[in-house]
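Structure record follows, encoded as structure tokens.
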Amino acid sequence: MDFFDALVRSEVNLWNHLDDHLRPHGLSLGTLEGLRVVRRHAGTCRVQEIRTDLGITVGAASKVVDRLERDGLAVRSAHPHDRRSSLVTLTPAGEEAHDQGVAAMQAVLDAVLADEPDLAAVTAMLQRLRTRLQPATRTASEDAAPAAGSPAQGTPGPGADR
């Protein structure tokens, strides 16, 4: 249980710390996570890709996109080949917010983790853990899962929209 407690408490504390440092840039960490997913998909993706990449429900992913649209950071348009889905594309403001947010997040992480000699090993271990757990966390009834923003969902997470 010591590992579990340390991991979960660290995740929540790190999320809140990064979120606090992004607020002066006009971003929440939840918003930045949405921007990062769209950017990883060459600046345009489907809501489904946001859901998959963040490990959240379709409803939670749709709310992320709603916030990105509301803030002028992305636009949603009809998918040219799939009537059931839409495409999410970063706006120039979204591209700029992404770049500024990632730079601010990296600066905080560099400061917090500066004296950690085994960071690569810890990162690799956490990636292995995530890979092992991912199939177990996806269920047919995912919409009945914990609400968006709960650490159990791995979502735009602790304190996402305070």
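The values are calculated or read from the model by the stated rules, or taken from the named source; none is laboratory data. None of these values were measured; they are calculated from a predicted model. A quick note on method: Cβ atoms are made from the backbone with ideal geometry, for glycine too, and the neighbour counts reach across all protein chains shown. Accessible surface is based on the protein model in full, side chains and every heavy atom, while ligands, DNA and RNA are left aside. Shrake-Rupley method; radii C 1.70, N 1.55, O 1.52, S 1.80 Å.
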Please indicate, with yes or no, whether at least one residue in segment 61-77 is of a type outside the set (Asp, Glu), over 21 Å from Gly26 (Cβ atoms) and open to solvent by less than 40 Å² (accessible area, probe 1.4 Å). yes
Residue list for segment 48-60, filter: buried (at least 22 other Cβ atoms within 10 Å of the Cβ) and either free of Cβ contacts under 8 Å to residues at least 12 places away in the same chain or assigned to a helix (DSSP H, G or I) (or both): Ile50, Leu54, Ala60
Among the residues of segment 92-101, is there at least one that is in contact (Cβ under 8 Å) with a residue 40 or more places away in the chain, part of a helix (DSSP H, G or I) and in contact with a strand residue (DSSP E or B) (Cβ under 6 Å, 6 or more places away or on another chain)? yes
Looking only at segment 62-118, count how many residues are more than 18 Å from Arg51 (Cβ to Cβ) and among the charged types (D, E, K, R). 10
Check segment 94-105 and report whether any residue there is surrounded by 12 or more Cβ atoms within 10 Å (Cβ to Cβ), modelled with pLDDT under 95 and of a type in the set (Val, Ile, Thr). no
Answer from Leu35, Leu14, Leu29, Leu22 - the residue that is surrounded by 14 or more Cβ atoms within 10 Å (Cβ to Cβ), in contact with a helix residue (DSSP H, G or I) (Cβ under 9 Å, 6 or more places away or on another chain) and more than 19 Å from Gly55 (Cα to Cα): Leu22
Contact list, first residue from segment 19-37 and part of a loop (DSSP other than H, G, I, E, B), second anywhere and at pLDDT below 95, beta-carbon distance below 9 Å, six or more apart or interchain, is Ser28/Pro156; Ser28/Gly159; Ser28/Ala160; Ser28/Asp161; Ser28/Arg162
